[in-house]
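Data first, discussion second: the structure below is written as structure tokens.
The values are calculated or read from the model by the stated rules, or taken from the named source; none is laboratory data. Quantities reported herein were computed from a predicted structural model and do not represent experimental measurements. FYI the Cβ positions are ideal-geometry reconstructions off the backbone, even for glycines, and counts take in every protein chain you see.
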Number of protein chains: 2
Amino acid sequence: MADSIVDSLKAGGKKLTKPRQAILAILESNALPVTAAEVHARLKKAHAHMDLATVYRNLTMLQELGLVDPVGLREGQMRYEVRHGREHHHHIQCRGCGRIVDLMLCPIKKLTELVEAQTKFAVEGHSLEFFGWCPQCR
Amino acid sequence: MADSIVDSLKAGGKKLTKPRQAILAILESNALPVTAAEVHARLKKAHAHMDLATVYRNLTMLQELGLVDPVGLREGQMRYEVRHGREHHHHIQCRGCGRIVDLMLCPIKKLTELVEAQTKFAVEGHSLEFFGWCPQCR
DNA sequence: GCGGTGTTGCAAGTGATTTGCATTTAACAC
DNA sequence: GTGTTAAATGCAAATCACTTGCAACACCGC
Ligand SMILES: [Mn+2]
Ligand SMILES: [Mn+2]
Ligand SMILES: [Zn+2]
Ligand SMILES: [Zn+2]
């Protein structure tokens, strides 16, 4: 596991438990954002079964530490992906099969200044997701 | 109520029931996106009480007809706003007080072509929301 | 090894949204 | 108007995605 992750955990007063390591291993092995239930299922398959509540608690904590990013695709459940070593980016999901593709782009930086000037908010984050039909479902 | 809405309902084989009219009246009287529970509460206050399930069923149906747009702000519940007569736009929500402000802009049109070329998806929609701190919560 | 603090499992609890079904109601044709 | 029928509603129960309380357990620094 990456040193930076261990450092962040330590800095946050968190312990490097075995269940936690297993969760991070699953997250790091996945290029696309996964749900808590998916993490839970893959853990079981990898003979690292643990309670779903533990998965949820860890995902929440990793998010608070800024180690994973939440991805909301209006599926009724959240997805998560590790931030470690990856550029800020967005996603597109097929309305037919649910397939998700990374979009390694973000057009929002310039816009943020405009939004701040217009609303007087201090912008801290944004969510940009596309929906459509993938080639197979077209 | 707007003719265009009545026409859409008719075209979809839907009836113009009294509960449905009341829901549409609430939606049209709200500039900002509202939750199903909020619609339900305002209906009761307007002496048009109905079951929450009816509110949900109608919001889903109106969304399918393209008369209302869903707005997902990661609050654990969806919001909805009427599309009728309003430009496509996005929102910013304060992380402190939850206040929502309309952003009458959308920078996504040009980007859509880029996304389609890159992924071969047929883009049908997108979601863009900002999060931050409003002047009072700063 | 020991102690203290953070973690986990398990079971129960929430909150939002959905569903089954019997009962109405709007819409349309006589 | 009256009848017919498909859609809509109320009510209660069910689902689904998380969250929480609490007792047992596992890191980590000493
Ligand atoms: Mn991604
Ligand atoms: Mn709006
Ligand atoms: Zn971005
Ligand atoms: Zn847009």
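Worth pointing out:
- Annotation note: of A:G125, A:G98, A:G132, the sole residue that is of a type in the set (G, A, S) and more than 7 Å from chain B (Cβ to nearest Cβ) is A:G98.
- Enumeration of residues in the stretch B:96-113 that are at pLDDT below 90 and of a type in the set (D, E, K, R): B:K109, B:K110
- Of the residues making up the stretch A:78-92, those that are more than 9 Å from chain B (Cβ to nearest Cβ) and either surrounded by fewer than 15 Cβ atoms within 10 Å (Cβ to Cβ) or more than 15 Å from ligand 3 (Cβ to nearest atom) (or both) number 9.
- Pairs linking a residue in the stretch B:17-38 that is within 16 Å of ligand 4 (Cβ to nearest atom) to a residue that is aromatic (F, W, Y), with Cβ atoms under 9 Å and 6 or more positions apart or on different chains, are B:P33/B:Y80.
- Selection count, the stretch B:15-61, where residues are within 13 Å of DNA strand C (Cβ to nearest atom), surrounded by fewer than 16 Cβ atoms within 10 Å (Cβ to Cβ) and of a type in the set (K, R): 3
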